[in-house]
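The values are calculated or read from the model by the stated rules, or taken from the named source; none is laboratory data. What you see is a predicted model, and the numbers here were worked out from it, not measured in a lab. Cβ atoms come from the backbone with ideal geometry, glycine included; neighbour counts cover every protein chain shown. Heads up: the accessible areas ignore ligands, DNA and RNA and are worked out on the full protein's heavy atoms, side chains in. Shrake-Rupley method; radii C 1.70, N 1.55, O 1.52, S 1.80 Å.
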Amino acid sequence: MSGAREPLHPIFTAHLFPKLEAKLIELLRLLTPEEWEKQTLAPKWKVKDVAAHLLDTQVRKVAAARHSYKPENSKKLSPSKLVELINHLNAEGVRQYRQLSPVDLISRMEEASRESAQYHQALDPFGLAMFPVSWAGEEESLNWFDTAREFTERWHHQQQIRLAVNKPGIMTREFYFPVLDCFMRGLPHSYRGASGKSGSLAQFNISGECGGSWYLLRDGGAWTLIASPAGEKISETTIPQEIAWRIFTKGIAHVEARTQMQAIGDEAVGLHILKMISIVG
């Protein structure tokens with residue numbers, strides 16, 4: 001099993017923030033009053049709510065960094081309490097910034113986006129992150145992972161807006177592959193309760209020009225994400241890129257997603273990925 005110990009590469013996304021944020025600002029400036037009130041995949045949020053959330057999370061993150069805030073208490077919360085806290089903070093932020101006019105919201109977002117990009121670009125990617133990536137089961141994370149996690153947040157919420165107003169533009173390999181790669185780092189944690197014989201390999205493919213393949217090996221009583229195939233393949237799951245991000249962000253029902261996926265071999269293992277959520281809240 002030579003591939004079993006081949007390390008995964010870090011995901012570097014800090015340089016992509018200005019380009020992705022420019023796409024967002026450009027999109028928001030084109031929205032009509034009716035489009036600001038379009039319903040998104042997030043059940044409680046319309047387009048303006050999602051935009052308000054994107055502004056709020058940037059402001060909070062940069063403020064925490066500026067004041068050297070250490071979220072020690074949040075690290076001690078149970079998963080359910082952490083979700084409760086995040087949902088509360090998100091709801092408060094949306095209520096606050098939704099009251100702004102679109103012009104003011106966009107203006108505030110431009111400033112916050114610049115500060116956020118500068119913050120992530122200045123970090124040592126291999127330093128200890130202020131916030132751990134909890135959905136991957138980590139209690140401590142390196143900056144590159146937390147930055148990539150933040151990038152997935154910026155991407156998938158912008159994609160929610162684009163889907164609601166029918167304006168494509170960011171499902172490109174440059175932007176979307178790093179998002180998928182980051183989401184898939186949650187596989188070992190998601191599969192921690194799934195059984196399997198040692199040496200078993202589960203392969204996951206995201207089809208389309210933005211996708212790729214990821215390999216999960218049962219090794220030493222746990223599932224480990226590896227860079228290349230090793231062991232005995234027991235399942236292969238293929239998900240279209242159009243719905244992959246929606247599966248991992250609670251944006252599509254499992255029943256609907258299943259009709260668009262292909263699972264070969266051990267379906268219990270292959271389809272367990274439908275339970276993976278790569279967001280908090």
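Kindly establish whether Ser195 is under 16 Å from Glu232 (Cβ atoms) and open to solvent by less than 20 Å² (accessible area, probe 1.4 Å). Give the derivation first.
Values: under 16 Å from Glu232 (Cβ atoms): yes; open to solvent by less than 20 Å² (accessible area, probe 1.4 Å): no.
Against the criterion (under 16 Å from Glu232 (Cβ atoms) and open to solvent by less than 20 Å² (accessible area, probe 1.4 Å)), Ser195 does not qualify.
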task = Scan the stretch 211-235 for residues that are on the phi < 0 side of the Ramachandran plot and assigned to a loop (DSSP other than H, G, I, E, B) and report the count.
result = 5
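Looking at the stretch 216-232, which of the residues that are touching a residue at least 40 places away in the same chain (Cβ under 8 Å) and small (Gly, Ala, Ser) is least open to solvent (accessible area, probe 1.4 Å)? Please lay out each step first, then the result.
As a first pass, look at the stretch 216-232 and keep what is touching a residue at least 40 places away in the same chain (Cβ under 8 Å): 217, 219, 224-231.
Now narrow it down to the ones that are small (Gly, Ala, Ser): 227-228, 230-231.
Working: Ala227: 38, Ser228: 30, Ala230: 10, Gly231: 49 Å².
Here the answer is Ala230.
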note = Just one listed residue, out of Ser116, Ser80, Ser141, is surrounded by fewer than 18 Cβ atoms within 10 Å (Cβ to Cβ) and of a type in the set (Gly, Ala, Ser), and it is Ser80
query = Which of the residues belonging to the stretch 20-35 are more than 22 Å from Met171 (Cβ to Cβ) and either outside any loop (DSSP other than H, G, I, E, B) or touching a Leu at 6+ places or on another chain (Cβ under 8 Å) (or both)?
reply = Pro33, Glu34
remark   = Per the list (1) in a helix (DSSP H, G or I); (2) open to solvent by 50 Å² or more (accessible area, probe 1.4 Å); (3) modelled with pLDDT under 85; (4) touching a Leu at 6+ places or on another chain (Cβ under 9 Å), residue check on Ser74 breaks on (2)
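Within the stretch 198-210, track down each residue that is outside any strand (DSSP E or B), in contact with a Ser or Thr (Cβ under 9 Å, 6 or more places away or on another chain) and open to solvent by 30 Å² or more (accessible area, probe 1.4 Å). Don't jump to the end; show me each part of the working.
Restricting attention to the stretch 198-210, the residues satisfying the condition of being outside any strand (DSSP E or B) are 198-199, 208-210.
When the remaining residues are screened for being in contact with a Ser or Thr (Cβ under 9 Å, 6 or more places away or on another chain), the result is 209-210.
Listed by number, the list holds a single entry, Glu209.
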task = Determine, yes or no, whether Phe126 is among the aromatic types (Phe, Trp, Tyr), modelled with pLDDT of 95 or more and surrounded by 18 or more Cβ atoms within 10 Å (Cβ to Cβ).
result = no
query = Which residue pairs have Cβ atoms closer than 9 Å, lie 6 or more positions apart in sequence or on different chains, and pair a first residue in the stretch 238-265 that is closer than 22 Å to Trp135 by Cβ with a second residue that is of a type in the set (Asp, Glu)?
reply = Gln241/Glu209; Ile243/Glu256
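Among Ser235, Ser213, Ser278, which is the only one that is surrounded by 15 or more Cβ atoms within 10 Å (Cβ to Cβ), polar (S, T, N, Q) and more than 27 Å from Thr57 (Cβ to Cβ)? Steps first, please.
Numbers: Ser213 fails: surrounded by 15 or more Cβ atoms within 10 Å (Cβ to Cβ); Ser278 fails: more than 27 Å from Thr57 (Cβ to Cβ).
Exactly one of Ser235, Ser213, Ser278 is surrounded by 15 or more Cβ atoms within 10 Å (Cβ to Cβ), polar (S, T, N, Q) and more than 27 Å from Thr57 (Cβ to Cβ), namely Ser235.
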request  = Could you identify the single residue in Phe12, Phe17 that is touching a helix residue (DSSP H, G or I) at 6+ places or on another chain (Cβ under 8 Å), in a loop (DSSP other than H, G, I, E, B) and surrounded by 13 or more Cβ atoms within 10 Å (Cβ to Cβ)?
outcome  = Phe12
ask   = Condition test on Ser190, is it touching a residue at least 24 places away in the same chain (Cβ under 8 Å), more than 18 Å from Pro18 (Cβ to Cβ) and of a type in the set (Gly, Ala, Ser)?
value = yes
Test set (1) under 17 Å from Val47 (Cβ atoms); (2) of a type outside the set (S, T, N, Q); (3) not in a helix (DSSP H, G or I) - Leu105 fails condition number = (3)
query = Would it be correct to say that Phe131 is open to solvent by 40 Å² or more (accessible area, probe 1.4 Å) and over 25 Å from Ala42 (Cβ atoms)?
reply = no
request  = Being in contact with a helix residue (DSSP H, G or I) (Cβ under 9 Å, 6 or more places away or on another chain), of a type in the set (Gly, Ala, Ser) and modelled with pLDDT under 95 narrows it down to one of Gly220, Gly208, Gly251, Gly231, so name that one.
outcome  = Gly231
inquiry  = Return the residues of the stretch 245-272 that are assigned to a helix (DSSP H, G or I) and within 26 Å of Lys81 (Cβ to Cβ); say none if nothing qualifies.
reply    = Ile247, Phe248, His254, His272
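Yes/no per residue for (1) closer than 17 Å to Ser116 by Cβ; (2) modelled with pLDDT under 95; (3) touching a Gly at 6+ places or on another chain (Cβ under 6 Å):
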{"site": "Met1", "(1), (2), (3)": "no, yes, yes"}
{"site": "Arg5", "(1), (2), (3)": "no, yes, no"}
{"site": "Leu8", "(1), (2), (3)": "no, yes, no"}
{"site": "Ile11", "(1), (2), (3)": "no, no, no"}
{"site": "Ala14", "(1), (2), (3)": "yes, no, no"}
{"site": "Leu28", "(1), (2), (3)": "yes, no, no"}
{"site": "Glu35", "(1), (2), (3)": "no, no, no"}
{"site": "Thr40", "(1), (2), (3)": "no, no, no"}
